[in-house]
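Report on the structure given below.
The values are calculated or read from the model by the stated rules, or taken from the named source; none is laboratory data. Please read all numbers here as calculations on a predicted model, not as lab measurements. Cβ atoms come from the backbone with ideal geometry, glycine included; neighbour counts cover every protein chain shown. When the accessible area is computed, the model is the full protein with side chains, heavy atoms only, and any ligands, DNA or RNA have been set aside. Shrake-Rupley method; radii C 1.70, N 1.55, O 1.52, S 1.80 Å.
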Amino acid sequence: MTSKQRILTGDRPTGKLHLGHYVGSLANRVKLQHEYESFILIADVQALTTNFDNPENLSRDTFQIAEDYLAAGLDPDTATICIQSMIPEIHELAAYFGMFTSVNVLRHNPTVKSEAQQHGFSDMTYGFLGYPVSQAADITIFKAHLVPVGEDQIPHLELARKIVRRFNDLYQPVLVEPDILIGEVPRLVGLDGKTKMSKSLNNAIYLSDSSEEIRKKVMGAVTDPARIHKSDPGHPEICTVFEYHKIFNPGEVSQIESDCRQGRIGCVDCKKRLAACLDTLVEPMRERRRQYTENPDRVREILIAGTERAHEVARQTMGEVREAMGIDYFK
Ligand code: TRP
């Protein structure tokens, strides 16, 4: 038995991970994986909330996200990467949580509301409306103390905490109330100046992008529109590229700021420096990724072993839950 506290976090496998995921929560997971006992859940059932009509992509996307995790530096000997649908106890616990969770509370969840709008749902399915309940089960079945996620997940974490308090109060105090840890950059702006980097907005730089792809995307970024000639004084405070320098290039950012304001560095040079810097961040990921793409059985083995390890923890918690609720009839 380890005495370390636990982390649980996860993502829906709906495509490649991008820099927004990285600075929003993945970097935290990588950083904390040795301090905490870490479980990383590939939430394929939750992905079905919006992708129920194309489940054929789930298998590909599950392997893709696992590869992204490993490339980003999650160490499979330390962190447990597991698949949600293969741990049925999660769905069982969600059913019990559903008994005392109010539909109105779910309907008012701001993240659920904005996602429903984004997907154009006029009516919500039962599974979609209820996914935050299932997410509370994801977290609590592992008795996680800490959940590193992006800021859009705050309402779900608040619900999970409430559910734990209610459960512990109704039955017996067997569940752990999780804390939330938001990344240093809770929401990365898109290089096109849109509020968020996202696959659906088509403005993402992926962790799996080549140097050339990164360079092209950065060169197409929006900058200070008032600046036409290199010698025009720039306004970094309204420039998206400068926003990125602040996040990804702390060593050069103050120099770039003064050079820009005084018209000593042009936007093209400034973008080239950013592209180089992003490339330096992603390069070690490419190196690690190569080891896995050259050996795809390895990813499969990691997922099988991780899911089995996680399943064992989930079985244990469900035993305690049944006992707390008095529904372990034949004991
Ligand atoms: N809802 C999260 C997202 O969209 C994914 C997720 C599923 C998750 N289960 C989780 C995050 C448990 C943290 C903990 O990104």
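Could you give the size of the charge dipole of region 211-289 about its Cα centre, using +1 on the Cβ of each K and R and -1 on the Cβ of each D and E, expressed in debye and rounded to the nearest 20?
Details: 14 positive and 13 negative charges, 41 e Å.
So the dipole magnitude of region 211-289 works out to roughly 200 debye.
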Practice item. Springs between alpha-carbon atoms under 10 Å, Gaussian network over the chain: tell me which of Ile90, Ile302, Ile247 tops the mean-square fluctuations. Key: Ile247
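Explain nothing, just the number: relative contact order of the chain, from Cα pairs under 8 Å at least 6 residues apart, as a whole percent. Each step should come with its number before you reach the end.
On the way: 496 pairs, mean separation 75.2, N = 331.
Once divided by the residue count of the chain, the mean separation gives 23 percent.
Heavy atoms only, probe 1.4 Å: what % of the accessible area of the chain goes to carbon and sulfur, would you let me know?
On the way: 8430 of 16100 Å².
The C+S portion of the solvent-accessible surface of the chain is 52 percent.
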Check your understanding: Put a dot 7 Å past each Cα toward the Cβ at His34 and Glu320; how far apart are the dots in nm?
Key -> 2.8
Review point. Going through the DSSP H helices of the chain, which span 20 Å or more along their own axis at the Cα atoms while scoring at least -1.0 as a mean Kyte-Doolittle hydropathy?
Key: 58-72, 154-170, 267-293, 296-325
**Study point:** Dipole in debye (nearest 20) - region 29-135, about Cα centre, beta carbon charges: Lys, Arg +1; Asp, Glu -1
**Key:** 440
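Pairs to check: Lys113/Lys271; Lys4/Lys199; Lys31/Lys143; Lys194/Lys230; Lys4/Lys113; Lys31/Lys217. Give those whose C-alpha atoms are more than 32 Å from each other in this structure. Show your work: numbers first, answer last.
Values: Lys113/Lys271 36 Å; Lys4/Lys199 35 Å; Lys31/Lys143 20 Å; Lys194/Lys230 24 Å; Lys4/Lys113 36 Å; Lys31/Lys217 27 Å.
Lys113/Lys271; Lys4/Lys199; Lys4/Lys113, as the Cα separations exceed 32 Å there.
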Revision key, fill the gap. So, for the Cα atoms of region 211-289, Rg and Dmax in Å stand at 12.8, 42
Revision key, fill the gap. Scattering profile of region 126-213 from the Debye formula, Cα beads only, expressed as log10 I(q)/I(0) at q = 0.20 Å⁻¹, is -0.96
Review point. Using a Gaussian network model of the chain with C-alpha springs under 10 Å, which one of His235, His145, His18 is most mobile by mean-square fluctuation?
Key: His235
Review point. Given a 1.4 Å probe, how much area per residue of the chain is accessible, in Å²?
Key: 49
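Under unit Cβ charges (Lys, Arg +1; Asp, Glu -1), what dipole magnitude, rounded to 20 debye, does region 52-106 have relative to its Cα centre?
Details: 1 positive and 9 negative charges, 42 e Å.
Dipole size: approximately 200 debye.
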